[in-house]
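Since the structure comes first, as structure tokens, the remarks are kept for the end.
Coordinate-derived values only; no laboratory data. Being a predicted model, the structure only gives us computed values, none of them experimental. Here the Cβ is made from the backbone with ideal geometry for all residues, glycine too, and neighbour counts use every protein chain on show.
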Amino acid sequence: MVLTRQREPLELRDLPVPEPAPGQVRLRVVACGVCRTDLHVVDGELTRPKLPLVPGHQIVGETDDGRRLGVPWLGWTCGRCRYCTSGRENLCDEARFTGYDLDGGYAEYTVADERFCFPIPEGYPDLQAAPLLCAGLIGYRSLRFAGDAERLGLYGFGASAHIVAQLARHEGRHLYGFVRPGDEAARTFALELGCEWVGASDERPPEELDAAIVFAPAGELVPAALAALAKGGRVVCAGIHMTDIPSFPYELLWGERQIRSVANLTRCDGEEFLALAPQVPVRTEVETYALENANDALARLRRGDVRGAAVLRL
Ligand SMILES: [Zn+2]
Ligand SMILES: [Zn+2]
């Protein structure tokens, strides 16, 4: 499924089976998760994709020699810059991203730099494993940035939050969920995932929060989340794109409250998270789509109708 122009539907096309360059593996794709970032690419909010582009960066595939590997968003880094050499390859200026700078997994075959692929934990079915590769990985990094917060708020209950909720409960944290006003399905889902309280995004929780992770790409949630924090608390913005954050009184930030973003992932995050996920165990809930129905999956995600994660099955 190919993006030729942003803000237009993907097109089903016949492409040649890609040939791996030195250092790359070829994968027969068996599943590819559909991420909100794919929507930002298709809808033009991320403005510099390679075109034409095969989107998709939560790829579970089988190599020519029969190994099951996962391909995440971080597809390549320079390995030499001050970010790469200080454990912060996620910030590399030269980084190339799967399904953005590089063709991704909305396809029967793809190629990937083997150094950036992860073995899929044994026992995870392909479809359930796919959302671990971005929703899970970025969620894990976001949760680490929440520090040791005992009371944790989650804004937006999509693919990433449904994984983070399981990690956070496993760590014994108290969870507070925030969903769009009137979204009963999301509310029920958040309660099932262990939230002690679920409210609308403009409500205050019954307790002040030590940290909040904002998954929804809506800038107005940042001051709303700040207002729900205890002193010293932190708002973590997990998405790659967000609408503008409205101005807010300094009082909301006062008391040593912090705001930080989460950019991409490091391979270290991937190794840690994929070792942790089977211990929890993280169980992902997926809606599956045939490859040629990728536009339907994106449309449902755009409307906020997906329960858990959307995954293309090949
Ligand atoms: Zn670099
Ligand atoms: Zn993603």
ask   = Given a Förster distance of 45 angstrom, what is the FRET efficiency for residue 12 paired with residue 91, based on the Cβ-Cβ distance and rounded to 0.05?
value = 0.80
ask   = What shape does region 137-261 take by its C-alpha gyration tensor, where a ≥ b ≥ c are the square roots of the eigenvalues and a/c under 1.5 counts as rounded, a/b above b/c as prolate, and the rest as oblate?
value = rounded
message = With angles folded into 0 to 90 degrees, how steeply does helix 267-276 sit against the dominant principal axis of the chain? Use alpha carbons for both and round to 10.
response = 70 degrees
query = Just in region 204-296: which GluC sites (Glu not before Pro) are loop by DSSP and have at most 13 other Cβ atoms within 10 Å?
reply = 256
key: Computed label-point distance, nm, for sites residue 108 and residue 244 using a 7 Å Cα→Cβ extension   = 4.7 nm
request  = Measure nothing but the geometry: give the 0 to 90° angle between the long axis through the Cα atoms of 159-170 and the longest principal axis through the Cα atoms of the chain, rounded to 10°.
outcome  = 60 degrees
Charged-residue dipole, Cβ positions (Lys, Arg, Asp, Glu), region 137-261 about Cα centre, Debye nearest 20 = 360 debye
query = What value, in deg cm²/dmol to 500, does the helix sum -39500 (n - 2.57) over DSSP H runs of n ≥ 4 give at 222 nm once divided by the residues of the chain?
reply = -6000 deg cm²/dmol
inquiry  = Roughly how far apart, in whole Å, are the Cα centres of region 166-195 and region 94-137?
reply    = 27 Å
task = Loop only per DSSP, at most 14 neighbouring Cβ atoms within 10 Å: give me the trypsin sites (Lys or Arg not before Pro) in region 225-314, ordered by residue number.
result = 283
ask   = Measuring from label point to label point, each 7 Å out along Cα→Cβ, what is the residue 5 to residue 43 span in nm?
value = 2.0 nm
query = At a Förster radius of 30 Å, what calculated FRET efficiency corresponds to the Cβ-Cβ distance of residue 279 and residue 202, to the nearest 0.05?
reply = 0.25
remark   = In nanometres, the difference between 0.36 nm per residue of separation and the alpha-carbon distance of residue 292 and residue 21 is 94.8 nm
note = region 1-95: relative contact order from alpha carbon pairs under 8 Å, six or more residues apart, as a whole percent, is 24 percent
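How much length, in nm to one decimal, is gained on full extension between residue 256 and residue 300, taken as 0.36 nm per residue of separation minus their Cα-Cα distance?
Additional length available on full extension: 12.0 nm.
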message = Using 0.36 nm times the number of residues separating residue 78 and residue 150, minus their current alpha carbon distance, what extension gain do you get?
response = 22.2 nm
message = Need one word for region 12-163: rounded, prolate or oblate. Basis is the Cα gyration tensor (sqrt eigenvalues a ≥ b ≥ c); a/c below 1.5 gives rounded, then a/b vs b/c decides.
response = rounded
ask   = Where a ≥ b ≥ c are the square roots of the eigenvalues of the C-alpha gyration tensor, would you call region 27-97 rounded, which needs a/c under 1.5, or, failing that, prolate if a/b is larger than b/c, or oblate?
value = oblate
note = Given Cβ charges of +1 for Lys and Arg and -1 for Asp and Glu, the option among 32, 157, 118 whose Cα lies farthest towards the positive end of the dipole of the chain is 118
